[in-house]
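The structure appears below as structure tokens.
The values are calculated or read from the model by the stated rules, or taken from the named source; none is laboratory data. Remember, it's a predicted structure, so these values are computed and weren't measured experimentally. Don't worry about glycine lacking a Cβ; one is built from the backbone with ideal geometry, like all the others, and counts go over all protein chains shown.
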């Protein structure tokens, strides 16, 4: 199978209790694509500006990421975000955002990506996600992410999107915000009723909760003692999960999108792999730690997660 990711490519400056980094690689698509690249080639659609370092591009291309769908704007800079994590890492402050025309960017799926089978729509304005979805006419699985801003400001558009996707990544706080349910299991069920057959609730240091057609699963977070920067952990988790699915699913067996079923064991293993990749992401700034590891390292961490779970799945 093949995979497409549509999302943000950014330059970040980050402050955490462990230190800081200026102008490092960031953005939802960056973390997702690099994580998924451990498992499968990734097609990427996004936008960069005239300040985008070529080293970043080469890092992706050397990690099985197809860069042909990325648009470079020679007249503007890249999307920039500056943020700070407070002492407990639970609160994140956005100190500065420079859109540099990104708010006007409308992704287009090129003909050479038209046959994409697994599609990830990273967090963005729901109408933009919807526009991309309409172009992915041969997709068999479409997963999306969202954030609190779009739940607050574009709720009706988000609900329209949810009715047309197969899976949603969302954190537990956002799930409660979207549904009004304080219990995360009830929140997941409510989201499932909105359309997505698979709901993946990200719970940070408490792991994740997954609800599927025939699946209810809680996976613990890997107990890392090296928390440096949690930026991108959720997108890395999604990349590892969907990358593993892509690697272990046969498009011929899947059939038409409306009838797609995912083997429970395959999905459970995919969640563990997403958890393992995310646990490495937080051990450095940007994708620095991901650039230091290989598939064998991920497999070792999955085995440790298995031990925590008593080899569930």
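Worth a mention:
- Pair list, Cβ under 7 Å, 6 or more apart: region 26-42 residue at positive phi, other residue outside any loop (DSSP other than H, G, I, E, B): 27/10; 27/79
- Apart from one condition, residue 149 fits all of (1) assigned to a helix (DSSP H, G or I); (2) modelled with pLDDT of 95 or more; (3) farther than 18 Å from residue 3 by Cα; (4) under 17 Å from the mean Cα position of the chain (by Cα); the exception is (2).
- Of all residues in region 230-271 being outside any helix (DSSP H, G or I) and modelled with pLDDT of 95 or more, the one that is nearest to residue 200 (Cα to Cα): 232
- The residues of region 14-30 that are over 21 Å from residue 72 (Cα atoms) and in a strand (DSSP E or B), listed by number, are 14, 15, 16, 19, 20, 21, 22.
- Among the residues of this structure, residue 128 does not count as one that is under 17 Å from the mean Cα position of the chain (by Cα), part of a helix (DSSP H, G or I) and in contact (Cβ under 8 Å) with a residue 60 or more places away in the chain.
- Any hit, region 272-293, residues being modelled with pLDDT of 95 or more, farther than 29 Å from residue 13 by Cα, part of a helix (DSSP H, G or I) and in contact with a strand residue (DSSP E or B) (Cβ under 9 Å, 6 or more places away or on another chain): yes
- Options 201, 158, 133: the member that is modelled with pLDDT of 95 or more, touching a helix residue (DSSP H, G or I) at 6+ places or on another chain (Cβ under 6 Å) and assigned to a helix (DSSP H, G or I): 158
- Flag set for residue 2, criterion: more than 22 Å from residue 275 (Cβ to Cβ), touching a strand residue (DSSP E or B) at 6+ places or on another chain (Cβ under 9 Å) and in contact (Cβ under 8 Å) with a residue 40 or more places away in the chain.
- Hits in region 45-55 (condition: in contact (Cβ under 8 Å) with a residue 40 or more places away in the chain and not in a loop (DSSP other than H, G, I, E, B)): 45, 46, 47, 49
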